[in-house]
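Trainee: Below: one structure in structure tokens.
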Amino acid sequence: MQDVLNKLDSLEIKYELDEHEAAFTIEDVIKFGINKRGMLPVNLFLRNANGKKHYLVIHDGAKHTDIKKLQEQINATHLSFASEERLMKHLGLTKGSVSPFGLINNVNHDVEVVLDESIVNQPLLGFHPNINTATVWLSYEDFMKFLKDAGNKITFVNC
């Protein structure tokens, strides 16, 4: 978590940190009331059919992601969830802690970030700081500043 906070500080990104019980699912988020401040996007770590491309898909958790529509929009072969081993290898994260902040561990910049338009211009976004016992809140503009600094390809979709 401290690596994430240090990175945000170095980019002069304003954020607020809430610590809470471990939240593994959206049900946990609701039960703990974490979602009361702003949007808590869902983060999916996916791979293509041959496992050579990986995608971090970020979308509104209240919206169902149409995987087939997503595949068409990013011109990908059959998408499926990546294994825990791939998640650790590419983002340095464990299951239940998937977050765009894992991009600080993706030194090869080989994970493509896929942003659903549902999160664009949201006033306040919340993401785990690479552990699921805390949430970092920041503006959409500051979130984009973090993503651009990370250096990964960013694709916008409507899925």
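Trainee: If a residue has to be under 20 Å from A150 (Cβ atoms), open to solvent by less than 60 Å² (accessible area, probe 1.4 Å) and part of a loop (DSSP other than H, G, I, E, B) to count, how many in segment 1-39 make the cut?
Mentor: Number satisfying all stated conditions: 2.
Trainee: While we're on this one: Got at least one residue in segment 84-97 being farther than 13 Å from F127 by Cα, at pLDDT 95 or above, small (G, A, S) and in a loop (DSSP other than H, G, I, E, B)?
Mentor: yes
Trainee: Can you give me the ranges of the strands (runs of 3 or more DSSP E) entirely in segment 114-159 with at least 3 residues that are open to solvent by 10 Å² or more (accessible area, probe 1.4 Å)? I'd like the intermediate steps shown before the answer.
Mentor: On the way: elements: 125-127, 134-138, 154-157.
Answer list for segment 114-159: 154-157.
Trainee: Can you find a residue in segment 76-85 that is charged (D, E, K, R), open to solvent by 70 Å² or more (accessible area, probe 1.4 Å), out of contact with any Cys (no Cβ under 6 Å at 6 or more places or on another chain) and closer than 13 Å to V136 by Cα?
Mentor: Within segment 76-85, none of the residues are charged (D, E, K, R), open to solvent by 70 Å² or more (accessible area, probe 1.4 Å), out of contact with any Cys (no Cβ under 6 Å at 6 or more places or on another chain) and closer than 13 Å to V136 by Cα.
Trainee: Turning to a different aspect of this structure: Please pick out the residue among V111, V107 that is open to solvent by less than 10 Å² (accessible area, probe 1.4 Å), more than 22 Å from I34 (Cα to Cα) and out of contact with any Pro (no Cβ under 6 Å at 6 or more places or on another chain).
Mentor: Going through V111, V107 in turn, the sole match is V111.
The values are calculated or read from the model by the stated rules, or taken from the named source; none is laboratory data. As the structure is a prediction and not an experimental result, all values here were calculated from the model. FYI the Cβ positions are ideal-geometry reconstructions off the backbone, even for glycines, and counts take in every protein chain you see. These area figures cover heavy atoms from the full protein model, side chains too; ligands, DNA and RNA do not enter into them. Shrake-Rupley method; radii C 1.70, N 1.55, O 1.52, S 1.80 Å.
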